[in-house]
There are 2 protein chains.
Amino acid sequence: MSLIVQKYGGTSVGTVDRIKAVAKRIIEYKAQGHDLVVVVSAMSGETNRLIELASQITDQPPARECDVLVSTGEQVTIALLSMALEKYGQPARSYTGTQVHILTDDAHTKARIKQIEDQKIHQDLKAGRVVVVAGFQGVDEHGNITTLGRGGSDTSAVALAAALKADECQIFTDVDGVYTTDPRVVPEARRLNRITFEEMLEMASLGSKVLQIRAVEFAGKYNVPLRVLSSFEEGGEGTLITYEESDVEQPIISGIAFNRDEAKLTVTGVPDHPGIAYQILGSIADSNLEVDMIVQNVGQDDTTDFTFTVNRNDYAKAMGLLETTAKELGARNVEGDDKIVKVSIVGVGMRSHAGIASSMFETLAKEGINIQMISTSEIKISVVVDEKYLELAVRALHEKFGLEQE
Amino acid sequence: MSLIVQKYGGTSVGTVDRIKAVAKRIIEYKAQGHDLVVVVSAMSGETNRLIELASQITDQPPARECDVLVSTGEQVTIALLSMALEKYGQPARSYTGTQVHILTDDAHTKARIKQIEDQKIHQDLKAGRVVVVAGFQGVDEHGNITTLGRGGSDTSAVALAAALKADECQIFTDVDGVYTTDPRVVPEARRLNRITFEEMLEMASLGSKVLQIRAVEFAGKYNVPLRVLSSFEEGGEGTLITYEESDVEQPIISGIAFNRDEAKLTVTGVPDHPGIAYQILGSIADSNLEVDMIVQNVGQDDTTDFTFTVNRNDYAKAMGLLETTAKELGARNVEGDDKIVKVSIVGVGMRSHAGIASSMFETLAKEGINIQMISTSEIKISVVVDEKYLELAVRALHEKFGLEQE
C-alpha cells in the first residue's frame, strides 16, 4: 500500500460529468489499496469568470481581494468532488488551503508555500477517507487567503506530496505523458517512460507546457517522484520524472523542444566595456519584459554586438526601449526580427557525450537551415532559426537522434 | 461617531453595478464619521446556481460539503465589494466567516453562532478601514466551514453588532421598512417609524417577510438596535426595531399581518383523554411538517374536536397522515380546507387595553366575514377566514384601528 497524491486540472474537472468520472477513477485507485490525497483546480472557465467580474469593477483590484475572489473556484470543486466520492460510497473530506494550513508567504497572487500541516490529512487517511484539497491556494501567517499564481495547483500537489512523504505525485492532464517532441509536428514522436527533473525543467521552459516549472523544481528539491498521466485515457503509465542518479543508462537526447513565441533584437557597435549588458537590458527588465536567450559576440574596433530574445507579444515595446538605450550608448545600429523560433535538444546524456552540438548543426546545415543564434547549457543546446524552418528542423533532429525508437 | 453594522442582501448586491452602488452608499455613511462593518449575502441567484451543481451530482449531498460549496457565494461578494470600495478610495478589507472566527456549533447548513472574534475587526476600524464580512457562514471548533441556513446573513449581521457592541444594526432590503400591513392589499398602509421586537417577531412569523426571525430574536436577546432600510431608496429612515420599555406611549395595534399559505385540518369526535394532542400531531411532526395554529374545542360525550393549520403545500400529505391516525384513535370524522387564510392584529398595546378582540370580531362581523378559528397570544389575535375575504378583512381592520394615521 502506498500514499499517492493526485492532481486533476481544470479541464479534468471542467463539468459535473467529468467530476463524476474523476471520482470513479479515484475509487479505482483506492480499490488497489492506495491511500489517496487529491488536489483539484477550479472548473475550467471558472477562474476567468471570476476575474471578469473583478475587471468590471476595477482595472487594479487589490491583490489580497483577488485571492479571496479566485480561491472560491477551487473551493467549489473540492466540495463537488467530495460529494461525488461520497455518492459512490467512498468516504471523503474536502479541505481549503486555509483548513489544512498550506502556509505561504504574503505575496498575494504569486505566493510561495512554506509549510503544510499534515496531521488532519493523516488522520483522515487512517480513517479510510480520500482527502480532497483545493489546489492553487494557501494562507499566510495572518490568516489571509493567498494564491500561488496560475497553474499553481501542480505546485500544491507536489508540496503536499513532499509534506506527506507520499510515494508518488501524479499529475493528471490532457496529455498522456511527456513526448520526445510535439506529436503535431512529428507524428513519430514517442511518449517517454521516464525523464529526469533537469530535462523536464528544460523541456517545460522551452515550451512543452505539460507541467508548471515551479512544481518540477519543487519536486526535485524535495525528492518527490512525479508522474504525468492522462485524465481522459485509462490504464496509461504516463511519464515518470526521476532523478538522474536512478537511471542506469541515459539516452543521449531525450527530446526536442521548441518555442514559436520568440522575437529577437540586436544592437550592434556598442562600446565594449563592463556594465554594457546591464545598461542594455536594464530598461527592458524595468518594464517587466521577460528576456529569454542572451548572446553577446565580439565585434570590431572595441565594440560588441548584443542580441537577445523576448516574447513575440513584447517585441514592439522592447524595440522602442532598445532604440532609446542604443542612442544613449552611441551604438551603431538596432535591428530585430519577430519571425524567428527557438529549437532545442535536451538530454542529460549530452554531458558525457562529445560532438552532440556538431551533430545538431550538421543536421540543420544539411537541410539548408541557417542558424541565427546559439545558446547552450549543460543539458541543452538551443538555436534560433527562421520560423519557416521550424517543422523541418524539429523533424530532422528527431530523426537524427533516433527519438522514435525506445 | 458611532459604530454601525450594515447588511446588504442578495438582491442589493445582485450585479456588479449594484455592488458599486452599495460601495458608494457605504462611503457616504463613512463620510458622516461612522465606523462601518458591512455584512453581505451571495449575489442573487448564485446560491441556487451552486445548489444546482450539487444536485447534478447527488440528491443527498453531505451537509459538510454543502457548506463548503455554498459559502463560496458570499466569499465572492466580499471580495468584489472590497475591490469597489478600494477603487473609490475607501480602504477596505474582506473577511470570510473563518477569518473572523464566527464560531458556530457543528450543525452544518443550520448552524448557530456561539462567539465572534472582534479583535481583527476593531484593528481594521481603528486604521480607518471598512470591514466587509461574509454573511451566512461560520466555522466550527474543528475548522469546518458551517452555514447558518438560508437568510442567515441577517443573523450574521446582528451577531456581529452584538459582539462589536455596535450602536445600530442596519438591514438593507428591498422594502423601505416595516409597514402596518402589505401596501399591495391596503394602499393606505403606512411605514412604521418604530416597532417593538416582540411585535416584529409576530409580524415576521405571520408572513411579513422582512427579516429573519432568528435575527430578530438574536437582536432582542443582545439588545442590538435593529433598523430595516431600503437599499434602493436613499435618505429613508426605515423602521427601527426597539424594546418596549423605550417607548413612552405605544399604539394599541401596530400592524395587520396575514398569511395566504395556510390550510386547516380538523379531526372530530376524538376520545378526550390526556395525550390526545400528542397522538394526533406526533405523526405530523415526525414527517417534518410544520404546524402553525392549533385549536382544541370541547366536544360532546367525552369527545373533543381538534383543528390545526399547516402550510398549504403540505396539506395533502398532512391529510393522509391524519386519516391514518384518526382511524387508530377511533375518531368520528376528518375534514379539511385548503382555501383559508390567517389574519392577525399585532400590538404590544393590546396587553393593557381590553376589548381589542371584540373590536376585531365586531369589525369582521359587520363585513359578513365568518371566523373559522381563533388563536390569541399576549400581543396578537389571529383568525382563520375563507381566503376570499382576505383583502376585505385586512382593509376593514386597518381602517378600524386607524393605522393609516401616525
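Each value in this text was obtained by applying a stated rule to the coordinates, not by laboratory testing. Because the structure is a prediction, the values reported are computed rather than measured. Cβ placement follows ideal geometry from the backbone for every residue including glycine, while neighbour counts extend to all protein chains displayed.
Label-point spacing for residue B:232 across the identical copies (point 7 Å from Cα in the Cβ direction), in nm and ascending order: 4.7.
Among the trypsin sites (Lys or Arg not before Pro) in the range B:227-321, which ones are in a DSSP loop with at most 16 other Cβ atoms within 10 Å of the Cβ? Mind listing them? Passing sites in the range B:227-321 are B:260. Gap in Å between the Cα centre of the range B:162-234 and the Cα centre of the range A:296-317? First find each Cα centre; the distance between them is then 71 Å. One equal scatterer on each Cα of chain A, no solvent, Debye formula: the resulting log10 I(q)/I(0) at q = 0.15 Å⁻¹ is -1.32. Over all other residues within a Cβ to Cβ distance under 10 Å of residue B:39, the charged ones net out to -1, with Lys and Arg as +1 and Asp and Glu as -1.
Taking all Cα pairs closer than 8 Å and separated by 6 or more residues, the relative contact order of chain A comes to 14 percent.
Inter-copy label distances for residue A:118: 4.2 nm (label point placed 7 Å from Cα along Cα→Cβ; shortest first). According to the Kirkwood relation over distinct C-alpha pairs, the hydrodynamic radius of the range B:110-173 is 12.6 Å.
For the protein assembly as shown, DSSP calls about 60 percent of its internal beta bridges antiparallel. Only lysines eight or more places from residue B:24 in sequence, or on another chain, were considered; those with a Cα closer than 16 Å are B:7, B:87. Of all residues in chain A, the one whose Cβ lies closest to the rotation axis carrying A onto B, together with that distance in whole Å, is A:72, 2. Over all other residues within a Cβ to Cβ distance under 15 Å of residue B:299, the charged ones net out to -4, with Lys and Arg as +1 and Asp and Glu as -1.
Other protein chain C-beta atoms within 10 Å of residue C-beta, averaged over A:139-149: 2.
To the nearest 10 degrees, how steeply does helix B:63-87 sit against the main Cα axis of chain B, on a 0 to 90 scale? In chain B, helix B:63-87 runs at an angle near 50 degrees to the longest axis.
The ellipsoid that matches the Cα gyration tensor of the range A:256-337 has semi-axes, each √(5λ) in whole angstrom, of 21, 14, 11, with the longest given first.
Where is the GNM fluctuation largest for chain A (alpha-carbon springs, 10 angstrom cutoff): A:236, A:275, A:320? Looking only at A:236, A:275, A:320, the largest GNM fluctuation is found for A:275.
For q = 0.05, 0.09 Å⁻¹, what log10 I(q)/I(0) does the protein assembly as shown give under the Debye formula with an equal point scatterer on each alpha carbon and no solvent? Those come out to -0.41, -0.97, one per q. In terms of its C-alpha gyration tensor, the range B:3-173 has an oblate overall shape, because the principal axis ratio a/c (a ≥ b ≥ c, square roots of the eigenvalues) is not below 1.5 and a/b does not outweigh b/c. The residues neighbouring residue B:60, those whose beta-carbon lies less than 13 Å from its own, together hold a net charge of -1 under the Lys/Arg +1, Asp/Glu -1 convention.
Projected over every direction and averaged, the convex hull enclosing the alpha-carbon atoms of the range B:291-406 yields 9.0 nm². Packing-based ranking of A:357-368, A:56-67 yields A:56-67, A:357-368, ordered from highest to lowest mean Cβ neighbour count within 10 Å. In chain B, helices alone account for a calculated mean residue ellipticity at 222 nm of -11000 deg cm²/dmol, with every DSSP H run of four or more residues adding -39,500 (n - 2.57). Ascending distances from the residue A:272 label point to its copies in the other chains, with the point 7 Å along the Cα-to-beta-carbon line: 11.9 nm. Straight-line cross-link partners of residue B:400 among the aspartates and glutamates, defined as a Cα under 18 Å from its Cα and at least 8 positions apart when in the same chain: B:182, B:188, B:362, B:367, B:391. Ranking of B:218, B:197 by neighbouring Cβ atoms within 10 Å, starting from the fewest: B:197, B:218. In a fully extended conformation the segment linking residue A:168 and residue A:118 would gain 16.4 nm over its present Cα-Cα distance, using 0.36 nm per residue. Give the cross-link partners of residue B:317 among the aspartates and glutamates, using a straight C-alpha distance below 17 Å as the criterion and excluding same-chain residues fewer than 8 apart. Cross-link targets: B:261, B:262, B:286, B:290, B:292, B:335, B:337, B:338.
Each Cα pair under 8 Å and six or more residues apart adds its sequence gap; the mean of these over the residue count of the range B:3-173 is a relative contact order of 30 percent.
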